Amino acid sequence: MAMITGLNDKVKARVHKNTFGVLPEGTYKAKVTKIAPWKGKVYKSIALSKYGKPTGETVENLEVFNAQATLEVTDEEYVGKRVWYNLTTHPNASFVLENFLYATVGEDCSLADIQKEAIGAEVSIYVTVSSYTKTKVDSSTGREIKETVETNDVKSIERIENSKLKVFEDLEDLEDLGL
């Protein structure tokens, strides 16, 4: 938009799609647009579990890394809406990272390379809506008020065949692999 310098300036009329807000529950096509840098945190002790059940084992002084992936919906009705998917190296949630890599890169990948390898990948996501109560201070009265905030949760992420996955350009590529 051109800068408005006075009340007599003409402004172009057009519809702007709201890229924020909550998506209705459902399945959407999306593209990975950003992955934040990894942040590490050392845990003194982590009780390990498998399928949600304690194994009785613990790991001491383990550094767990977390990063947030931004996914932008590409389905026509909600194009541009964004949701976030949290990646983690926590040993009790290895499936999160494994599913993300399978859906975006399609093969094993070092965590140092995930930002460049997964960006641009097209995926299918299943999104739900959850809510929580937020307490804030009303600036005009100084009183605490509670409000319900809705947010999206990405419950699953799946690969879309032939998106950004490596594609063999010619038969020589396949022959190099012995196929």
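Numbers below:
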| quantity | calculated |
| --- | --- |
| Breaking point among (1) surrounded by 13 or more Cβ atoms within 10 Å (Cβ to Cβ); (2) under 27 Å from Glu25 (Cβ atoms), for Ile114 | (2) |
| Whichever residue in region 35-52 is of a type in the set (A, V, I, L, M, F, W, C) and within 13 Å of His90 (Cα to Cα) and, among such residues, is surrounded by the fewest Cβ atoms within 10 Å (Cβ to Cβ) | Val42 |
| Residue match in region 24-44 (condition: under 17 Å from Ser124 (Cα atoms) and touching a Lys or Arg at 6+ places or on another chain (Cβ under 6 Å)) | no |
| Which listed residue is surrounded by 14 or more Cβ atoms within 10 Å (Cβ to Cβ), among the β-branched types (Val, Ile, Thr) and not in a strand (DSSP E or B), from Val96, Val83, Val127, Val32 | Val96 |
| Breaking point among (1) part of a strand (DSSP E or B); (2) touching a residue at least 40 places away in the same chain (Cβ under 8 Å), for Ile114 | (1) |
| Top-ranked residue of region 136-159 - restricted to ones that are of a type in the set (S, T, N, Q) and free of Cβ contacts under 8 Å to residues at least 12 places away in the same chain, ranked as nearest to Asn86 (Cα to Cα) | Ser139 |
| Flag for Ala67 being of a type outside the set (Phe, Trp, Tyr), under 22 Å from Gly40 (Cβ atoms) and in a strand (DSSP E or B) | yes |
| Residues that are at pLDDT 95 or above, of a type in the set (Lys, Arg) and under 15 Å from Val79 (Cα atoms), drawn from region 5-44 | Lys29, Lys31 |
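The values are calculated or read from the model by the stated rules, or taken from the named source; none is laboratory data. Source: prediction; values computed, not measured. Cβ atoms come from the backbone with ideal geometry, glycine included; neighbour counts cover every protein chain shown.
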